[in-house]
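Working notes, structure below.
Taken together, the values in this text are just the output of simple stated rules run on the coordinates, not laboratory data. This one's a predicted model, so the numbers in the text were calculated from it and none came from an experiment. Positions of Cβ are backbone-derived with ideal geometry, glycine not excepted, and every protein chain shown enters the neighbour counts.
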Amino acid sequence: MHQFIVSRRIWGYIVIFFLLVSIIYVTARERGRLTFAEEMICEALRPLLSFFSEIASYVNRAVWTVGHIGQLRRENLELAREVAKLNAELMQLSEYKAENERLKQLLGFKEAAPYNTVAARVIGRDPSRITSSLILDKGKRDGVRKDMPVIYLGGLVGRVISVTPSTSTVLPIIDPKSAVGGIVHRTRDLALVEGQSQETALCRLKPLSSDADLRVGDQIISSGLGGIFPKGLLIGTIIDVSAGKYLVGKNALVKPDVDFAKLEEVLVITSKVLPSAEGDIKGGTSSSSGQ
Amino acid sequence: MKYGKVLRLVSRVLTLFFAVALESAVIPRFAPPGVHADLVLILVILYSLDRGLLAGLGWGLAGGLLEDMLAGGVIGISALSKVTCGYLAGAMHEILFRDNLVVPTLLVAMTGIIKVAITLGLCISLGMLDGSLLHFIRVEIYSLLLTVFLTPAVAIWVAFSGNWEASHVGTEA
């Protein structure tokens, strides 16, 4: 009898094992949308994630403030002087802006924002750490859809890979599954920027032509060729250049402009109106309108 | 008695949700990049030691699927590794002396290695391991050490909540 029970339990394990292996291989391909169960779990965990995320942010800030109190005092004094100086400059700039507006109207130009954005908070990360995906507190209800680009200040963060009514999941550019079309800003060489790993937080740059001229310090911007990311978003800066496979061409390591370890807020680009000026490096804040 | 079982189940499911939320939202902010503490693994081991093989299978499956579904990626990798760990820990249910902190801590360390091996094997077979193997192993070792370090604290919490359940139902948790 005991043997029967033990063997039955082993069979139970074997059945679950093969069932899970099947599910793994079925879900390994990129899916168009999440299952109902996944949506429900994301929705159910959202309040908890937001709550814990808020507490962790608060503790992080408190610890940082205590550790940097001397530096903050010095900076405060410097900033007070800087504010006084900048106030004077601001007055001057607002005069220039007013003059600029008048001139634009005269020339018949319309000031159009390059794209609309939705600000979102990072409330979680892949708990299993198998991918480096980020969980945002904005979803379908806020206008976020699959494949929308995500930026932070001056740099590209990644793209939305799944959405629930109130959350969304972002695949960052440092994830090995991510690939973004890029342009070397100095030379206009086209390249593919692939994620390396979440631990190193770097990307690999693979130029499309073997005679591409790559140098440390070159800035990489999105090419807009894939149809997902608008052209001109800053991806990062080359920090290392090495010989390509079989010593043909060059490869490079790119340090993303975004610090993924400290990422707390992002902007999701909700409209796909492409930026106009070719080759301009546009930051999320400098050109977004929906913040 | 029935009420006690329901209360214990609800309490453990809630603890599992809390653990996943902590893993996802809090620990990544304080740990080095990539390093994570597997609180769900600790809970699966503790519940399996407490209740046996079937509980090991059930909690391993539930905890792993919860993690997989929250991540929105491949479903089943965490579930498979945790079902295996839960099953192995559940098999020790009647052999090991459970009322101290050393046994679950050692068991978490051992099953943690098995979990890493299963995850690594699946990642390689699915082509998901693009980074270096050494790097993956190094990060997983740090993560395992952090998980083992946190095991006594989680075990004390689980024992405390078990006592609370028992005091509210009047039965042994």
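Things to note:
- Mean ellipticity per residue at 222 nm, deg cm²/dmol - from DSSP H runs of n ≥ 4 across chain B, formula -39500 (n - 2.57): -26000 deg cm²/dmol
- Ranked A:91, B:110, A:148, criterion: other C-beta atoms within 10 Å, fewest first: A:91, B:110, A:148
- When its C-alpha radius of gyration is set against 2.2 N^0.38 Å (N residues), the protein assembly as shown gives a value of 1.13.
- For region A:118-232, the spherically averaged projection of the C-alpha convex hull amounts to 7.4 nm².
- Of A:140/A:262; A:177/B:115; A:140/A:231; A:140/A:206; B:5/B:82; A:206/B:82, those spanning more than 31 Å from alpha-carbon to alpha-carbon: A:140/A:206; A:206/B:82
- For region B:1-125, the equivalent ellipsoid built from the Cα gyration tensor has semi-axes of 23, 17, 15 Å, listed from largest to smallest.
- Surface/4 of the Cα convex hull for region A:1-101, nm²: 16.3 nm²
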